[in-house]
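> My questions will all concern the structure given below.
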Amino acid sequence: MKKIEVYQHNQEGYNPFLIRDKWQVAFLNYALEESLEKIDKLDVHFLTDEVFLVTKGSAVLIGATIEKDVVTFETIYMKANIAYNIPQNMWHKIAMQEGSQVLIVENCNTHLGDFEFYDLSPAQKNHLRDAVNQCINTINE
């Protein structure tokens, strides 16, 4: 057994690379489906919080509540070296710019079944894009 383990992920998308009995760490690298224009659904985890840390590039973390098909979004522009937590049972998504990478910590094997998706309607997608763009514009002012 090595004294120090080293991990990296250079391909697109999600890669849980360090899975232990109760927790796992994953890299999420930019992939086209993580771009703002391609986001068409939200997801939720019922058994775990999910911690996000941007390691490269830029991303906007999106939290949401859904009541009777009315979606309310909260967005935050992720800053380097700050951990952001999405509590369990909170709908969420992340909008990433090309070249970005995010580190994720959550319960082990979350990616194997502790998730549900909510498909956004065209109007909800537009509302989401407006919320993310407003968040980005606030940072750029």
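The values are calculated or read from the model by the stated rules, or taken from the named source; none is laboratory data. None of the values given here were measured: they were computed from a predicted structure. Ideal geometry is used to build each Cβ from the backbone, glycine not excepted, and the neighbour counts take in all protein chains shown. Please note that ligands, DNA and RNA were not included when accessible areas were found on the heavy atoms of the full protein model with its side chains. Shrake-Rupley method; radii C 1.70, N 1.55, O 1.52, S 1.80 Å.
> Which condition from (1) under 21 Å from ARG20 (Cα atoms); (2) surrounded by 13 or more Cβ atoms within 10 Å (Cβ to Cβ); (3) within 15 Å of the chain's Cα centre (by Cα) is the one that ALA95 breaks?
So the condition that ALA95 fails would be (1).
> Something else about it: Against the definition (open to solvent by 70 Å² or more (accessible area, probe 1.4 Å), in contact (Cβ under 8 Å) with a residue 60 or more places away in the chain and over 15 Å from the mean Cα position of the chain (by Cα)), how does ASP69 come out, yes or no?
It is false that ASP69 is open to solvent by 70 Å² or more (accessible area, probe 1.4 Å), in contact (Cβ under 8 Å) with a residue 60 or more places away in the chain and over 15 Å from the mean Cα position of the chain (by Cα).
> Also, I was wondering about something else. Do the conditions hold for ILE139, that is, is it modelled with pLDDT under 95 and either under 12 Å from the mean Cα position of the chain (by Cα) or on the phi < 0 side of the Ramachandran plot (or both)?
Taking the combined requirement at face value, the residue satisfies it.
> Further, regarding this structure: In region 81-92, how many residues are touching a residue at least 40 places away in the same chain (Cβ under 8 Å) and on the phi > 0 side of the Ramachandran plot?
1
> Still on this model: Could you pull out the residue among ASN81, ASN89, ASN85 that is part of a strand (DSSP E or B) and loosely packed, with under 15 Cβ neighbours inside 10 Å?
Exactly one of ASN81, ASN89, ASN85 is part of a strand (DSSP E or B) and loosely packed, with under 15 Cβ neighbours inside 10 Å, namely ASN85.
> Only one of (1) closer than 26 Å to GLN8 by Cα; (2) open to solvent by less than 40 Å² (accessible area, probe 1.4 Å); (3) in a strand (DSSP E or B) fails for ASP114. Which number is that?
Here ASP114 meets the rest and fails (3).
> If you take the residues of region 10-34 that are part of a loop (DSSP other than H, G, I, E, B) and open to solvent by 20 Å² or more (accessible area, probe 1.4 Å), which of them is nearest to ASP119 (Cα to Cα)? Don't jump to the end; show me each part of the working.
Start the filter on region 10-34 by keeping residues that are part of a loop (DSSP other than H, G, I, E, B), which leaves 10-12, 20-22, 30-31.
Still in the list and also open to solvent by 20 Å² or more (accessible area, probe 1.4 Å): 10-12, 20-22, 30.
Details: ASN10: 29, GLN11: 26, GLU12: 22, ARG20: 31, ASP21: 32, LYS22: 29, TYR30: 21 Å.
Filtering first and then ranking leaves TYR30.
> Separate question: Within the bounds of region 51-59, is there any residue that is crowded, with 19+ Cβ neighbours inside 10 Å, closer than 17 Å to TRP91 by Cβ and touching a residue at least 60 places away in the same chain (Cβ under 8 Å)?
no
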